[in-house]
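J.: Let me begin by handing over the structure; questions about it come next.
What follows is calculated from the coordinates using simple rules that are stated; it is not laboratory data. Just so you know, these numbers come straight off a predicted model, no measurement behind them. Cβ atoms come from the backbone with ideal geometry, glycine included; neighbour counts cover every protein chain shown.
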Amino acid sequence: MCGIVGWMGKNGPSADLGRTVLRMLAALDERGPDSAGVALYGNPSEGEMVLQVKLGDPRGAEHEDYSAVEDAVSASVPNARRAESTAEYLRLVVDAPDDAVHLERSIEQAHPDVEVVSMGRALEIVKQVGSPRNLDETYDIASFQGTHGLGHTRLSTESRIDLSHSQPFWGHGRPDLAIVHNGHITNYHILRRIYEQRGIRFYTDNDSEVIGIYLREQLDGGMDLREAMEASLVDLDGSFSYLAATPGAMGYARDPFALKPLLWAESDAFIAVATEEIAMRAALEGDYEVRETDAREVRVWQQ
């Protein structure tokens, strides 16, 4: 029942990236009133990495003041160039690390409530309980400029409703990899046990989280994004449509039975993918054809 969207411009960085993804997402908000989030790819700066760090759970009164947690996180990152906090997030700009996994673990050891929500030279993930409108009011997503992005609006059917369980997810330990997913991965528990035996940490009970970890493993093993997503149609069971993105690419995969809806459109100016056509028509002007994806279909566009 969740709604997913993706947009990529064909003419370089766009000043309307954040606004476009939000408009697409807002058109699907009735599919998922519980939470909303975006993964946006901006213009990378040489030698820098951007981290979005969750400081705590805003629902608990004991976490309303994040200053102590923020201080602990900042102390764990001595090479931070800039730090800015908004609501429950601390946005850090740091010197690009040699070891992203080590940096992530160092930050998360600062406090039990801390989670690195995204890390990348181009990627920033922001997600929140509530509607896409709430997301923009708090974080001014509409002003974000960049090349492409993903969005998700969630109806929780099995796992908790909080920031961590919301989407998008990033491939922890693999900078700049993000996914959004609609459906169910039915062999999630088997895959999770396999990954945990390798020392990989899971942050939620949301089955969607395993997709990012799966793609990370394939990319780290030498596959490109298309190859990794094609392999996922064999290794992931269930009914699913998902989108994945890296700094240079965006793509989709649909399960062998085509049980979850997914449509796409392409014009001279953009590529768009969404759960429903209304998301495209609400945000994207012009004359373009909207097509339904096929069962067992993978398509990847290069930036």
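J.: With a point put 7 Å past each Cα toward its Cβ, work out how far residue 224 is from residue 194 in nm, to one decimal.
T.: Rounded to a tenth, the inter-label distance reads 2.5 nm.
J.: Through the Karplus equation 6.51 cos²θ - 1.76 cosθ + 1.60, θ set to phi - 60°, convert the phi angles of the range 169-177 into ³J(HN,Hα) values in whole Hz; use x for Gly and Pro.
T.: Listing the rounded values in order: 10, 10, x, 2, x, 10, x, 6, 10 Hz.
J.: Let me ask something else about it. Can you put 186, 275 in order, fewest other beta carbons within 10 Å first?
T.: On the way: 186 13, 275 25.
Lowest to highest Cβ neighbour count: 186, 275.
J.: Rank the residues 294, 98 as a footprinting-exposure proxy: fewest other Cβ atoms within 10 Å of their Cβ go first. Spell out each step's value before the answer.
T.: On the way: 294 11, 98 7.
The order, fewest Cβ neighbours first, is 98, 294.
J.: Among (1) 28; (2) 32; (3) 36, only one was calculated for this model; which label is it, if the read-out is percent of Cα pairs over 29 Å apart?
T.: This structure yields the entry labelled (1).
J.: What length, rounded to one decimal in nm, is gained on full extension from residue 95 through to residue 11, with 0.36 nm per residue of separation minus their alpha-carbon distance? Provide the component values of the computation, followed by the final result.
T.: Details: separation 84, 0.36 × 84 = 30.24 nm, distance 2.90 nm.
Separation in residues times 0.36 nm, less the Cα-Cα distance, equals 27.3 nm.
J.: If the cut-off is a Cα-Cα distance under 20 Å, which lysines reach residue 260, setting aside same-chain residues fewer than 8 apart in sequence?
T.: Straight-distance partners of residue 260: none at all.
J.: Moving to a separate point now. What is the set of long-range amide H partners of residue 35 at a cut-off below 5 Å, with H atoms built 1.01 Å from backbone N?
T.: Under 5 Å from the amide H of residue 35: 130, 154.
J.: What are the lysines whose alpha-carbon lies under 22 Å from the alpha-carbon of residue 54, with same-chain residues fewer than 8 places away excluded?
T.: Cα-Cα hits under 22 Å: 127.
J.: Please work out how much length the chain gains when fully extended from residue 109 to residue 82, using 0.36 nm per residue of separation minus the C-alpha to C-alpha distance, in nm with one decimal. Mind dumping the intermediate values first?
T.: Numbers: separation 27, 0.36 × 27 = 9.72 nm, distance 2.03 nm.
Length gained between residue 109 and residue 82: 7.7 nm.
J.: Same structure, new question: From the gyration tensor of the Cα coordinates in the range 89-240, what semi-axes in whole Å does the equivalent ellipsoid have, largest first, with each one equal to sqrt(5λ)?
T.: On the way: eigenvalues 106, 78, 55 Å².
That gives 23, 20, 17 Å for the three semi-axes.
J.: Shifting gears a bit: Compute the longest continuous run of the chain that contains no exposed trypsin sites (Lys or Arg not before Pro); treat a site as exposed when its DSSP state is not H, G, I, E or B and it has at most 15 other Cβ atoms within 10 Å.
T.: Working: sites that count: 10, 59, 160, 198, 201, 296.
Free of exposed loop sites, the longest segment is 60-159.
J.: Let me have the 222 nm mean residue ellipticity of the chain computed from DSSP H runs of 4+ only, each contributing -39500 (n - 2.57), with the sum over all residues rounded to the nearest 500.
T.: Working: 8 runs with 76 residues, N = 303.
Taking each H run of at least 4 residues, the total per residue is -7000 deg cm²/dmol.
J.: Now for a different question. For the chain, the longest stretch holding no chymotrypsin sites (Phe, Trp or Tyr not before Pro) located in a DSSP loop with at most 15 other Cβ atoms within 10 Å is which? Display every interim value, and only then the final one.
T.: Details: sites that count: 202, 203, 257.
By the stated rule (loop sites, at most 15 other Cβ atoms within 10 Å), 1-201.
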